[in-house]
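Asks: The structure follows.
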Amino acid sequence: MSTSAPAEGLITLAAPLAGWSASLDETPDAVFAGRMMGDGVAIDPTAGTLHAPCDGELVLIAAARHAVTLRTAGGCQVLMHVGIDTVALGGEGFTVAATPGTRVRTGDPLLRFDLDLLARRAPSLLTPVIVTADSGFRILKRTLDCAVAVGDLLMEIVPESSATPAGAAPAAPGRVHSRRVTVGFEHGIHARPAALLAASLKDLAADVRIMARGHEANARSTVALMTLGAQHGDAVEIRASGPDAALAVSTLAAALGVTTAAPAGTGSTVRAARADPAVTAPPADAALQGPPLGPGDALPGVIASRGLAVGRAVQFRPPEIQIAAAGADPEQESAALDRARAAVRARLERRAAATAEGAGARAAGEIAAAHLELIDDPELLAAARLELSRGRSAGFAWRQALRTAAAALRALADPRLRERVDDLLDLETQVLLALSGKSAAAQLELPEQSIVIARELLPSQLVSLDAARVAGLAMAAGGATSHVSIIAAAMGVPALVALGPRALSLGDGTQLILDAERGVLEIEPPAARLDAARALLASRRARLAAERAAAQRECRLADGTRIEVFANVGSVAEAEAAVRDGAEGCGLLRTEFLFLDRQLPPEEAEQAAEYQKIADALGGRPLTIRTLDAGGDKPIAYLPQPPEENPALGLRGVRTSLANLPLFEAQLRAILAVRPGEQCRILLPMITDSGDLTAVRAVLDQVRAERGLTRTVEVGVMIETPASAVLADQLAAAADFLSIGTNDLTQYTLAMDRTSAQLAPRLDALHPAVLRLIERAATAALAHQRMVAVCGGLASEPLAAPLLVGLGVRELSAVGAVIPRLKAVLSRVTLAECRALAQEALTQRDAAAVRALAQRLQERSGEAPR
Ligand code: PEP
Ligand code: MG
């Protein structure tokens, strides 16, 4: 291989495969042929080993083992994608020969693949070797249309020194202020911190850059910040120039140095619920090939949203979007892009602000809000404008900008960024549709009971369907934890993913049973099976209707014992929905909703008004207002918090409040302003011992005295640290009530991070160790005649409800939608049965054994297994 360097910074890329070299134009894939990821050469391989084309770091091997990214010492990223659409093989036929994250030398084997299998299964073996568009390198020379052996010269590339990097704003005049800080965000600068950092600069006039890991990013660009890949503990440099430069540096330094964590994987919001790193689940193997589907066939798939549906197939065919590469006049194209963005922005704003009921609508709103964050991202716009200035069409420029950003995020191999890649691709389609004058919503006329079949729906496509007519979703590709799966689950629509391409061959109107409990799509099932499935659905619907009708009654066990069933609430809309669901009050108002995602704390008056609206929505029912639970997995950018190695064990909950007294006092004043005062009680998060309560009572007494308030207010403590559970007798003596937070109690008892996807299967609040602590707390509360509640996630599990009651719990605060079920389950058991179950559960060895016991009681009490 030639190593002479005719140009500065020249890098030689050797052929990574033996085969025939061809232009990227020949790849049967618009992404590669359109150079959307970058420029390069394709190789039609004749042997099954992919070698390193240069020295560098192996930054990524895709989950499906079909693509590899290498980064050279100069920062150039080279992507090699073996074959086309080979992700669908889900790794079959590929063997990894090198370790991601390590350095490799030119010629080292990286992947081995079964050439015959790929020839049979993939649409093409052409393997693009791409210099990624964001690398800042261009190709000087390439070897095309000839046979190549491994190690032969394939390309020579040089840094694109002449061009201004996409999106780089000209330096603002004036002194440059800079500071080095350590990234405090526990999971580095991923989506949420990036958005917070960019937002913190909104009102400041300065050009601000962050340098990390050898890269520079415009600090106003969420995308550019994520692309830095900066991790917890990384030293980064902030540089700013312009009138507000000094303030910008200190603002960012404060925000960056905050030690925070990623949103909780087990949290209450839809976006935070995606902790599973699964990317695209492979289509089921048996579904990849075979004869056309016919009566009695069943396609296996992966369950994305549990449930059963009987209906007829409707194929969702996304509109063809034709994009010309060349544009008319750059100004016209730019105006067209702005018009299309404005149209999409208006639609997203409507969706984000919609107050429709239901978790599905809320999920759609959250995703719209995420898209809104990106649609005006300065870095994306700068990249698109650069393309426009090169004579590209509006559509081409927009797609190029978004795909480049998506590819850069993907290359970071951070599963938390995956949803941002989905957001970018979804937003790309929305704007392209608007540019072409087409509307996603107008696509599909759905008959009643449609089972919508698609390769993979985008969230915006799902929310544009007529939900009342969608009985189920069947997707050929997709993952169980994708956005669209989460929205489907929130909407209560059963969904299967990864059914394989054969699903796409089903004709419209084909009779189907979508069984997302067993994970199969049944095609034209026999009449008897259809009848049985319809009967099951009808009986479930009847039971649900009966449970909902009975949900407004107060909850009693079969022997008349009174149990209160309250709701956890995080907004006015949730409070209204909870009352409709039969909530007898609110056992946990998570006030964080007022404090997160903003640059300044809410004023006392704003807080008071919001709390009052929630109290009113509850129509006089009890309202338990938990004081701010900041820190840990709920970072708040504007609170000055020290860098922490272990934020979950750091300044969070009441500790944060006591460390920020003016903020705490304002919140207490706002709570005390709610009328009628007797409706409210105060709940304190992350209590360790009665010293915390004494400190809070002193602040509260002072606030009451200043206000001249004589009325007392009940103050309860959360039992969510093992210390508070062990000391529950002391706490019960000092507090007015106890409320057990099983989410944190489980994480701290089992020493398993609640945000860890890997540990998620073992993080079970029914673990006997957790149950023993609950029993201890409940016994202490009863001894002091104090009410003991559970407001953690375990209270929302119908299976666990009798067990908690048996342990002594008398109030459950749950997700609103499960309240009818909880009341129904409890109405079928007696206190004696609950106690017997609890005693046996305490002696079990693990959570699985406890679940099995609880299941047996449910079945005995006439509850059909679900
Ligand atoms: C808990 O920890 O169980 C709880 C209710 O608090 P959060 O989930 O808000 O941390
Ligand atoms: Mg908690």
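Just so you know, all these numbers are worked out from the coordinates, no wet-lab data involved. Fair warning: this is a prediction, and the values are worked out from it, not measured in the lab. Cβ atoms come from the backbone with ideal geometry, glycine included; neighbour counts cover every protein chain shown.
Asks: Compute the long axis of helix 661-672 from its Cα atoms, compare it with the longest principal axis of the Cα atoms of the chain, and write down the angle in degrees, 0 to 90, nearest 10.
Replies: 60 degrees
Asks: A further question follows. Using r as the Cβ-Cβ distance of residue 505 and residue 449, and R0 as 30 Å, what FRET efficiency do you calculate, to the nearest 0.05?
Replies: 0.90
Asks: Going by average Cβ neighbours within 10 Å, how do the peptides 397-406, 79-88 rank, with the highest at the top?
Replies: Put in order of decreasing packing, that is 397-406, 79-88.
Asks: Give me the Kirkwood hydrodynamic radius of segment 439-540 in Å, from all C-alpha pairs, to one decimal place?
Replies: 14.1 Å is the Kirkwood radius here.
Asks: Using 0.36 nm per residue of separation minus the Cα-Cα distance, give me the extension gain between residue 97 and residue 114 in nm, one decimal.
Replies: My answer for the length gained is 4.8 nm.
Asks: Something else: At residue 23 and residue 531, where each label point lies 7 Å from the Cα along Cα→Cβ, what is the point-to-point distance in nanometres?
Replies: Result for the modelled spin labels: 6.4 nm.
Asks: Sorted by mean Cβ packing within 10 Å, highest first, what order do the peptides 836-842, 307-313, 486-492 take?
Replies: In decreasing order of mean packing, 836-842, 307-313, 486-492 become 486-492, 307-313, 836-842.
Asks: Counting alpha carbon pairs within less than 8 Å and at least 6 residues apart, what relative contact order, in whole percent, applies to segment 59-107?
Replies: Reported as a whole number, the value is 39 percent.
Asks: For a Förster distance of 30 Å, can you work out the FRET efficiency between the beta-carbons of residue 389 and residue 466, rounded to the nearest 0.05?
Replies: Efficiency at R0 = 30 Å is approximately 0.10.
Asks: For segment 688-737, build the charge dipole from Cβ charges (+1 Lys, Arg; -1 Asp, Glu) around the Cα centre, then report which of 710, 723, 698 sits farthest towards its positive end.
Replies: 710
Asks: Just need the Rg to Rh number for segment 708-857, please, alpha carbons only, Kirkwood Rh.
Replies: Here Rg/Rh amounts to 0.98.
Asks: What FRET efficiency comes out for residue 772 versus residue 831 if R0 is 22 angstrom and r is the Cβ-Cβ distance? Round to the nearest 0.05.
Replies: 0.65
Asks: Could you tell me what % of all Cα pairs in the chain have separations over 55 Å?
Replies: The answer is 15 percent, as a whole percent.
Asks: Once you wrap a convex hull around the alpha carbon atoms of segment 502-585, what is its projected area averaged over all directions, in nm²?
Replies: Average projection, Cα convex hull of segment 502-585: 9.4 nm².
Asks: Can you give the angle from 0 to 90° between the axis of helix 527-550 and the longest principal axis of the chain, with both taken from C-alpha atoms, to the nearest 10?
Replies: 50 degrees
Asks: Rounding to the nearest 10 and keeping the result within 0 to 90°, find how far the Cα-based axis of helix 572-581 lies from the longest principal axis of the chain.
Replies: Its long axis makes an angle of about 60 degrees.
Asks: Under 8 Å for C-alpha pairs, at least 6 residues apart: give me the relative contact order for the chain, rounded to a whole percent.
Replies: Contact order relative to length: 10 percent.
Asks: Roughly what % of Cα-Cα distances in segment 665-710 sit above 16 Å, to the whole percent?
Replies: More than 16 Å apart: 40 percent of the Cα pairs in segment 665-710.
Asks: Kirkwood hydrodynamic radius, segment 538-590, all distinct C-alpha pairs: what's the number in Å?
Replies: Mean inverse Cα-Cα distance, inverted, gives 12.2 Å.
Asks: For segment 307-394, state the average projected area of the convex hull of the C-alpha atoms over all orientations, rounded to one decimal in nm².
Replies: 8.3 nm²
Asks: Under the Kirkwood approximation applied to all pairs of distinct alpha-carbon atoms, what is the hydrodynamic radius of segment 675-757 in Å?
Replies: 13.9 Å
Asks: Modelling each spin label as a point 7 Å along the Cα-to-Cβ direction, I'd like the residue 613/residue 149 distance in nm, to one decimal.
Replies: 7.3 nm
Asks: How far apart, in nanometres, would the label points at residue 542 and residue 561 be if each is projected 7 angstrom from Cα along the Cα-to-Cβ direction?
Replies: Modelled inter-label distance: 3.1 nm.
Asks: From largest to smallest, what semi-axes in whole angstrom does segment 606-714 give when each is the square root of 5 times an eigenvalue of its alpha carbon gyration tensor?
Replies: 25, 16, 13
Asks: Rg and Dmax of segment 732-804 over Cα atoms: what are they, in angstrom?
Replies: 12.8, 41
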